[in-house]
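A.B. asks: The structure that follows is given in the form of structure tokens.
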Amino acid sequence: MNTPSRVLRRITAERPPAPRVGERCEMCAEPIAAEHQHVVDIEGRQLMCVCRGCYLLFVDQQAALRYRAVPARYLAFPGFTIDPAEWDALEIPVGLAFFFRNSVEDRTVAFYPGPAGATESELPLDRWNTILRRHPELDVLAADVEALLIRVPDNDIDRASCLLLPIDACYEFVGRMRLLWRGFDGGQDVRDYLDEFFAEVSARARGAV
């Protein structure tokens, strides 16, 4: 027999989790869940938390829009290599960096984590193009919303690897690194988190074709 209390419990169990108080779409103010999607304001270089409806307005990466939806693809490049001269030419002082295309300024930008958060470095175009000529499969980034993560653990070129991931995942990573950073080199917590993050995104990535 379905008593009122039993019916109420069933309805409550079947209802999707309510958004937490204060989490709302930054475009239309609709409530959004803790797990939500993002768009990039390409002029202000800002991530915006949005509902599904607003997200879908900006999924066309070819449209001339101020906002672009951040896709959810992860790609791996198992054949990636980089020689010491190429890595040194990029002038990245740590063992990893993100590379993305800034469409407003029409240039490739590198940023890498540190105690103050993300440090940005403007890449000399010829040096980046040298890498793309050797690895044309890397030239698949959606401008402003995707990044290439190149990692050279302990400056060991033989262990270099490359992944493509959404730009919001990159900024989340850098923010977490900033919170964990201790001392000159970040400390053990940073190294552990780096290994965990890289293992997680590698597991999500499919092979580039």
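A.B. asks: Test of understanding: among 24, 68, which residue is modelled with pLDDT of 85 or more and within 20 Å of the chain's Cα centre (by Cα)?
C.D. replies: 68
A.B. asks: Is it true that some residue in the range 64-86 is open to solvent by 20 Å² or more (accessible area, probe 1.4 Å), assigned to a helix (DSSP H, G or I) and touching a residue at least 40 places away in the same chain (Cβ under 8 Å)? Even if it seems obvious, please write down each step before you answer.
C.D. replies: Here is the first cut: in the range 64-86, the residues open to solvent by 20 Å² or more (accessible area, probe 1.4 Å) are 64-68, 71-74, 76, 78-79, 81, 83-86.
Keeping just the survivors that are assigned to a helix (DSSP H, G or I) gives 84-86.
Subset that is touching a residue at least 40 places away in the same chain (Cβ under 8 Å): 84, 86.
Yes, the range 64-86 contains a residue that is open to solvent by 20 Å² or more (accessible area, probe 1.4 Å), assigned to a helix (DSSP H, G or I) and touching a residue at least 40 places away in the same chain (Cβ under 8 Å).
A.B. asks: Looking for whichever is in contact with a helix residue (DSSP H, G or I) (Cβ under 6 Å, 6 or more places away or on another chain), farther than 22 Å from residue 81 by Cα and either of a type in the set (Asp, Glu) or surrounded by 15 or more Cβ atoms within 10 Å (Cβ to Cβ) (or both) here; the options are 189, 139. Which one fits?
C.D. replies: Checking each option against the conditions leaves just 189.
A.B. asks: Are there any strands (runs of 3 or more DSSP E) wholly within the range 100-190 with 2 or more residues that are out of contact with any Cys (no Cβ under 8 Å at 6 or more places or on another chain), and if so which?
C.D. replies: Ranges flagged: 107-114, 117-122, 161-166.
A.B. asks: Of the conditions (1) touching a helix residue (DSSP H, G or I) at 6+ places or on another chain (Cβ under 8 Å); (2) surrounded by 15 or more Cβ atoms within 10 Å (Cβ to Cβ), residue 116 satisfies every one except a single condition; which number is it?
C.D. replies: For residue 116, the exception is condition (2).
A.B. asks: Report the residue count in the range 42-63 for those that are surrounded by 16 or more Cβ atoms within 10 Å (Cβ to Cβ) and of a type outside the set (Val, Ile, Thr).
C.D. replies: Summing the residues that are surrounded by 16 or more Cβ atoms within 10 Å (Cβ to Cβ) and of a type outside the set (Val, Ile, Thr) in the range 42-63 gives 7.
A.B. asks: Out of (1) touching a residue at least 40 places away in the same chain (Cβ under 8 Å); (2) open to solvent by 10 Å² or more (accessible area, probe 1.4 Å), the odd one out for residue 111 is which?
C.D. replies: (2)
The values are calculated or read from the model by the stated rules, or taken from the named source; none is laboratory data. Because the structure is predicted, anything quoted here is derived from the model rather than measured. Note that each Cβ is placed from the backbone with ideal geometry, even for glycine, and that neighbours are counted across all protein chains shown. These area figures cover heavy atoms from the full protein model, side chains too; ligands, DNA and RNA do not enter into them. Shrake-Rupley method; radii C 1.70, N 1.55, O 1.52, S 1.80 Å.
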